[in-house]
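Report on one structure; see the data block that follows.
The values are calculated or read from the model by the stated rules, or taken from the named source; none is laboratory data. All values derive from a computational prediction rather than experimental measurement. Counting neighbours? That spans all protein chains shown, and the Cβs are built from the backbone with ideal geometry, glycine included.
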């Protein structure tokens with residue numbers, strides 16, 4: 001194991017610890033909250049901005065910004081609160097340990113994907129600019145297996161992994 005392996009594995013270890021502390025429900029609702037907030041903001045912000053412009057003397061651009069902020073924050077906070085409530089319910093019925101264990105697994109998986117995307121970006125840049133010595137990633141234990149994760153995940157999504165045939 002070399003320094004590159006340590007750099008690759010540190011964020012994944014962080015994901016395990018954070019997932020263990022927060023639990024699966026809060027980790028998942030945190031991710032879903034961001035995605036849902038972006039989608040809801042894209043769908044509803046134009047209409048809310050028009051509605052706000054009737055009641056505010058601000059410019060329409062300011063109304064758009066206010067609408068975006070209100071929707072994004074409202075959706076994200078609502079889902080975050082729902083995650084906290086569900087986590088507390090799981091703890092109350094003695095399933096907190098399962099929530100934390102699956103949170104650690106989910107946290108690791110999430111950070112493996114993030115690190116994989118970063119490694120693919122670094123590899124792409126390195127192919128063009130040659131700033132890494134070849135032995136840096138050749139001697140690494142984690143570089144190639146982690147780098148492949150993003151491509152595998154993308155292929156599964158493209159192949160309809162989530163759709164029944």
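Of the conditions (1) surrounded by fewer than 16 Cβ atoms within 10 Å (Cβ to Cβ); (2) without any contact (Cβ under 8 Å) to a residue 24 or more places away in the chain, residue 1 satisfies every one except a single condition; which number is it? Failing condition for residue 1: (2).
Scan segment 53-72 for residues that are under 16 Å from residue 36 (Cβ atoms) and either surrounded by 17 or more Cβ atoms within 10 Å (Cβ to Cβ) or touching a residue at least 24 places away in the same chain (Cβ under 8 Å) (or both) and the total you get is 3.
Checking each residue in segment 33-52 for being touching a helix residue (DSSP H, G or I) at 6+ places or on another chain (Cβ under 6 Å) and either surrounded by fewer than 18 Cβ atoms within 10 Å (Cβ to Cβ) or more than 22 Å from residue 22 (Cβ to Cβ) (or both) picks out 36, 40, 41, 44, 45, 48, 49, 52.
Under the condition of being at pLDDT 90 or above and either loosely packed, with under 15 Cβ neighbours inside 10 Å or outside any helix (DSSP H, G or I) (or both), the residues counted in segment 12-31 number 5.
The conditions of being part of a helix (DSSP H, G or I), at pLDDT 90 or above, under 30 Å from residue 89 (Cα atoms) and in contact with a helix residue (DSSP H, G or I) (Cβ under 7 Å, 6 or more places away or on another chain) are not met by residue 63.
Given the criteria out of contact with any strand residue (DSSP E or B) (no Cβ under 6 Å at 6 or more places or on another chain), in a helix (DSSP H, G or I) and either surrounded by 15 or more Cβ atoms within 10 Å (Cβ to Cβ) or without any contact (Cβ under 8 Å) to a residue 12 or more places away in the chain (or both), does residue 118 qualify? The answer is yes for residue 118. One residue stands out in segment 121-138 among those that are touching a helix residue (DSSP H, G or I) at 6+ places or on another chain (Cβ under 8 Å) and assigned to a loop (DSSP other than H, G, I, E, B): the one that is farthest from residue 15 (Cα to Cα), namely 131.
Within 30 Å of residue 14 (Cα to Cα), surrounded by fewer than 19 Cβ atoms within 10 Å (Cβ to Cβ), at pLDDT below 95 and in contact with a helix residue (DSSP H, G or I) (Cβ under 9 Å, 6 or more places away or on another chain): does that describe residue 92? Considered against the rule, which asks whether it is within 30 Å of residue 14 (Cα to Cα), surrounded by fewer than 19 Cβ atoms within 10 Å (Cβ to Cβ), at pLDDT below 95 and in contact with a helix residue (DSSP H, G or I) (Cβ under 9 Å, 6 or more places away or on another chain), residue 92 comes out as no. Yes or no: residue 108 more than 25 Å from residue 34 (Cβ to Cβ), in contact (Cβ under 8 Å) with a residue 12 or more places away in the chain and crowded, with 20+ Cβ neighbours inside 10 Å? So residue 108 does not fit the description; no.
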